[in-house]
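Okay, structure first, notes after.
Please treat every number below as a calculation from the coordinates, not as lab data. If you're wondering where the values come from, they're calculated on a predicted model, not measured in any experiment. Because the Cβ atoms are built from the backbone with ideal geometry, glycine has one as well, and the counts that use them run over all protein chains shown.
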Amino acid sequence: ETGVTQSPTHLIKTRGQQVTLRCSSQSGHNTVSWYQQALGQGPQFIFQYYREEENGRGNFPPRFSGLQFPNYSSELNVNALELDDSALYLCASSWGTGAGEQYFGPGTRLTVT
Amino acid sequence: AQSVTQPDIHITVSEGASLELRCNYSYGATPYLFWYVQSPGQGLQLLLKYFSGDTLVQGIKGFEAEFKRSQSSFNLRKPSVHWSDAAEYFCAVGGSGNTGKLIFGQGTTLQVKP
């Protein structure tokens with residue numbers, strides 16, 4: 001059984017740039033959720049994708065967008081990066097909708113300068 | 001408002017001592033409750049979950065948690081802590097509805113003294 005993988009591990013971007021983060025879900029899972037974890041904080045829900053559609057969104061602006069592909073992998077895109085976007089971005093996979101058991105990847109550390 | 005409170009930001013225990021990490025939640029519907037552990041620079045690992053049924057749930061690594069609806073609490077316990085348990089612990093709440101959103105607490109950092 002393959003776990004959740006994320007790429008890249010680390011990323012440094014400049015304010016105003018755009019970034020794409022990638023996630024491969026655990027085998028057998030069809031749902032991907034994205035979370036932002038600022039330093040010293042708990043993760044905050046960005047959105048969830050199920051069957052290639054957005055299925056719930058947290059309190060994040062539209063410049064945070066995502067995609068899910070037929071193989072259930074997912075991308076998180078952030079446009080017009082701001083300094084406050086610096087965080088650990090976590091992807092979690094699960095089966096079906098709802099807040100069931102979510103299994104997290106190791107995260108992508110994004111630094112915006 | 002939906003929220004999770006972990007009152008203890010930092011806890012230090014001696015190796016071999018018992019541990020209890022507190023978690024209180026506010027959630028309008030029937031909650032699903034989780035405890036996750038995060039080692040430095042790592043993602044989150046699911047320790048245990050409560051969906052329904054028996055209010056005392058067992059998890060991995062010798063952890064257990066008890067759901068108390070009257071107190072809106074879901075405290076994590078371990079009878080004897082090992083040095084490898086030092087990490088950040090997060091309590092989270094979600095619902096059976098459709099959005100898949102988990103609401104996390106701020107976390108409790110556990111330090112284990114030899």
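Considering every Cα-Cα pair within chain A, what fraction, in whole percent, is farther apart than 17 Å?
49 percent
If I take the Cα coordinates of segment A:1-53 and project them onto the principal axes, what are the three extents in Å, biggest first?
Sorted from largest, the Cα extents of segment A:1-53 read 37, 23, 21 Å.
Report the one residue of B:VAL37, B:ALA86, B:ILE103 whose Cα lies farthest in the direction of the positive end of the charge dipole of chain B (charges on C-beta: Lys and Arg +1, Asp and Glu -1; origin at the Cα centre).
Farthest towards the positive pole: B:ILE103.
Taking a cut-off of 14 Å between Cα atoms, list the aspartates and glutamates near A:LYS13, but don't count ones fewer than 8 places away on the same chain.
A:GLU82, A:ASP84, A:ASP85
Taking only Cα atoms and a 10 Å spring cutoff, compute GNM fluctuations for chain B and point out the largest among B:ILE11, B:ILE60, B:ILE103.
Of B:ILE11, B:ILE60, B:ILE103, the Gaussian network model singles out B:ILE60 as fluctuating most.
In debye, nearest 20, what is the charge dipole magnitude of chain B about its Cα centre with +1 on Lys and Arg Cβ and -1 on Asp and Glu Cβ, if you could check?
Around 180 debye, computed over chain B.
Please state, as a whole number in µm²/s, the translational diffusion coefficient that the Stokes-Einstein equation yields for segment A:55-109 at 10 °C and 1.306 mPa s, with Rh defined as the Kirkwood radius across alpha carbon pairs.
D = 123 µm²/s.
So what is the relative contact order for chain A, in percent, with contacts set as C-alpha pairs under 8 Å and at least six apart?
Relative contact order for chain A comes out at 37 percent.
On average, how much area does the Cα convex hull of chain B cover when viewed from any direction, in nm²? Intermediate results must be reported in sequence, preceding the final value.
On the way: hull surface 28.1 nm².
For chain B, the mean projected area of the Cα convex hull comes to 7.0 nm².
Need one number: convex hull volume per residue for the protein assembly as shown, Cα atoms only, in Å³.
Considering the Cα atoms of the protein assembly as shown, their hull volume per residue is 124 Å³.
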